[in-house]
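First comes the structure, then the notes that go with it.
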Amino acid sequence: MMSKFTVIIASASNKQVNLINDCINDDLRFELACVTHHTDEIIDLCSNIQVDLLVISDTLFEQLSATDRLKHLPIHTKLAFTSNSTEFAAQAFEFNTIDLMPTPLTKARVTTMFNKFAKTSEPLYLNHLKQMQSLLQQVKHYGLETEQIIVKESGRIRIIDTNDIEWIAGAGNYVELHLGQETRPVLHRETLSSMLNRMAIHGFVRIHRSTLVKRRSIKELKPTENGDYLLTLKNGESLNLSRRYKQNMTGILC
């Protein structure tokens, strides 16, 4: 579902604010970020809240123009200007203004402005959505959920998929990779800390100063008398969970 367009209303007229807010509530494409009656707040709010549309009255617009602060308005924020005067119209359209609405406002006129804004802005949102979908496809294609570890052994080079690793033991500047289908661990030249940095994204957590384990490989935990836990894997192997790393079992242990 596409995100809603966020709106800030900048007006000293409560009647005007209420009417625009009613239109926002009636239009599922938009949501109100906030209302301000103060010129000094407008630029900061637009910068901090990621505002798509600023509906601003001529009085506040004139005050902003006088202080030359409009040039600091974020480039992505579009303006809708409310006024009966054409005095500021030319200047208003220098600042990414999409519409100049005469006052007093009507719901029909505000709705027309919303439609105009959406018509020009939705293609940008759809393009952004397509880019995000493309990135997700790349993530899926290149498999960030899995990773291949290159292990150099005597006379050969092995390629090990992270999905095949159940747990990892530290051995100085090496680690032992314990695979689900093999009884003997595979020795790989890399420190345990470095492996944790690589393997955390694949669901591995530290359970001991010298042990990493894949969370979804855990079958059972039993407390011991000294405050540690005996951890049993689905393949039947048992490991020690130090109380020092108990917090890494969030969602399993309370």
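The values are calculated or read from the model by the stated rules, or taken from the named source; none is laboratory data. In this text, all values refer to a predicted model and were calculated from it rather than measured experimentally. Note: ideal-geometry Cβ built from the backbone for every residue, glycine included; neighbour counts use all protein chains shown.
List of remarks:
- Scanning region 194-207 for residues that are of a type in the set (D, E, K, R) and either surrounded by fewer than 17 Cβ atoms within 10 Å (Cβ to Cβ) or not assigned by TED's automatic domain parsing to the domain that holds LYS219 (or both) gives a single hit, ARG198.
- Selection of first residues in region 27-43 that are farther than 20 Å from MET113 by Cα and in contact (Cβ under 8 Å) with a residue 24 or more places away in the chain and of second residues that are of a type in the set (Ser, Thr, Tyr) and exposed (fewer than 14 other Cβ atoms within 10 Å of the Cβ), restricted to Cβ pairs under 9 Å at least 6 apart or on distinct chains, gives the following pairs, ordered by first then second residue: THR39/THR67.
- The requirement of being closer than 15 Å to MET101 by Cβ and charged (D, E, K, R) is satisfied by ASP58.
- Here ARG109 meets the list (1) at pLDDT 90 or above; (2) of a type in the set (Lys, Arg); (3) closer than 30 Å to SER238 by Cβ almost entirely, failing just condition (3).
- Selection count where residues are at pLDDT below 75 and either touching a Cys at 6+ places or on another chain (Cβ under 8 Å) or aliphatic (A, V, I, L, M) (or both), scope region 76-89: 1
- Of the set (1) more than 14 Å from LEU196 (Cα to Cα); (2) surrounded by 14 or more Cβ atoms within 10 Å (Cβ to Cβ); (3) modelled with pLDDT of 55 or more, all apply to ILE150 but (2).
- Filter pass, CYS46 being assigned to a helix (DSSP H, G or I) and either free of Cβ contacts under 8 Å to residues at least 40 places away in the same chain or buried (at least 19 other Cβ atoms within 10 Å of the Cβ) (or both): yes
- Of the residues making up region 184-234, those that are within 27 Å of the chain's Cα centre (by Cα) and farther than 16 Å from ILE149 by Cβ are VAL205, ARG206, ARG215, ARG216.
- ARG184 being among the charged types (D, E, K, R) and touching a residue at least 24 places away in the same chain (Cβ under 8 Å): no
- The residue list ALA10, ALA92 contains one member that is buried (at least 21 other Cβ atoms within 10 Å of the Cβ), under 24 Å from ASN115 (Cβ atoms) and at pLDDT below 75, which is ALA92.
- Conditions (1) surrounded by fewer than 13 Cβ atoms within 10 Å (Cβ to Cβ); (2) of a type in the set (S, T, N, Q); (3) modelled with pLDDT of 90 or more; number of the one not met by THR191: (1)
- Candidates in region 152-177 are the residues that are part of a helix (DSSP H, G or I) and without any contact (Cβ under 8 Å) to a residue 40 or more places away in the chain; of these, the one that is nearest to ASN235 (Cα to Cα) is ASP164.
- Count of region 201-217 residues which are basic (Lys, Arg) and free of Cβ contacts under 8 Å to residues at least 40 places away in the same chain: 3
- Scanning region 21-36 for residues that are of a type in the set (A, V, I, L, M, F, W, C) and within 20 Å of GLU62 (Cα to Cα) yields a single hit, VAL35.
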